[in-house]
Ligand SMILES: [Zn+2]
């Protein structure tokens, strides 16, 4: 009888327990993409990679790279992309839901709109941008201003001009910085890693020196009211990142991609240094999930498993810092629990 009662009690309690959400997470770096936007699916990525970018110069690096992804020869663990747009979207949605994630989402504007419509409470609309996209999609300062003023789009990023060989402090980018500052739109700028060997697989103007967060310095000084975060936390140029964070107290970073794809020991070394140096309140979680929905959970787990972080430091990285940076209201935060 006692056992029966216990079973009944358990059956009453469990569904309630199962429904309970894990604490909320804000993903500052999430992409709405088509399944083939990183090449013909399925594509694998190391989660994390063990080795990065090995090539004999007599060989075509693009082939080496593609082959390494196909055979997972650089990774002990990997994740594989879904093959259709629908499966990618649905798996992303279920990863957001399961991990209680609210995601700053960029991509083709129509696709972001579609995802927002399907999951209005978890998608925070963002606009990705570089000079090439601006030309292709007509995203001039004026048209961007209309999109931001309408309130439909909340964040300006990912800004990927690093791939085009531009520093964010370049005069060609100046009008966009001025617009974001004037409208008080938070801005996420890619400063750090693309794929290993980027100039040899299509991004011919990508340069290692643009990984340095020092590229932000003039832009920050010219626009002191701008809310800006360095996506990928300027990895691997740690000293430059620390110096820039130290000198510019308004700057935040996100952990996009480095939280799941670079060798884990290196990620922890980098993250621990950022925290030890006193910047734990300005580090935000970002998955940089492109076509790999599992990257969301992998990234979150990497924070949970970081034994050098306290519980409250983990909560800062996963939620509190982004809520402060985005200036979420108490009401908005309550709605996210
Ligand atoms: Zn990026």
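Throughout, read-outs are computed from the coordinates displayed, never taken from laboratory work. In this text, all values refer to a predicted model and were calculated from it rather than measured experimentally. Virtual Cβ from ideal backbone geometry, glycine too; neighbours counted across all protein chains shown.
Observations, loosely collected:
- Over all pairs of different C-alpha atoms, the chain has a mean inverse distance whose reciprocal, the Kirkwood radius, equals 20.7 Å.
- Extension gain from residue 170 to residue 333, taking 0.36 nm per residue of separation minus the Cα-Cα distance: 55.1 nm
- Whole-number percent relative contact order across segment 125-219, with pairs defined as alpha carbons under 8 Å at least 6 apart: 32
- Folded to 0 to 90 degrees: helix 85-98 orientation relative to the chain principal axis, Cα: 60
- Given R0 = 25 Å, the distance between the Cβ atoms of residue 34 and residue 246 translates into a calculated FRET efficiency of 0.05.
- Percent RCO, i.e. relative contact order, over segment 51-194, from Cα pairs under 8 Å lying at least 6 residues apart: 16
- Cα gyration tensor shape for segment 200-331, rounded if a/c is under 1.5, else prolate or oblate: rounded
- Computed from label points 7 Å out along Cα-Cβ, the spacing between residue 225 and residue 205 is 3.0 nm.
- Shape class for segment 51-165: oblate, because the ratio a/c of the largest to smallest gyration tensor axis (alpha-carbon atoms, square roots of eigenvalues) is 1.5 or more and b/c is at least a/b.
- Relative contact order of the chain, taken over Cα pairs closer than 8 Å and 6 or more residues apart, is 20 percent.
- Distance between the C-alpha centres of segment 150-181 and segment 36-100: 28 Å, rounded to the whole angstrom.
- Expressed as a fraction of 2.2 N^0.38 Å, the value expected for a compact globular protein of N residues, the C-alpha radius of gyration of segment 265-307 is 1.23.
- Cα→Cβ-extended label distance, 7 Å offset, between residue 324 and residue 238, nm: 2.3
- In the chain, the calculated helix contribution to ellipticity at 222 nm averages -11500 deg cm²/dmol per residue, counting -39,500 (n - 2.57) for every DSSP H run with n ≥ 4.
- At 1.567 mPa s and 4 °C, Stokes D of segment 201-248 from Kirkwood alpha-carbon radius, µm² per second: 112
- For segment 243-294: rounded, prolate or oblate by the Cα gyration tensor [a/c cutoff 1.5]: oblate
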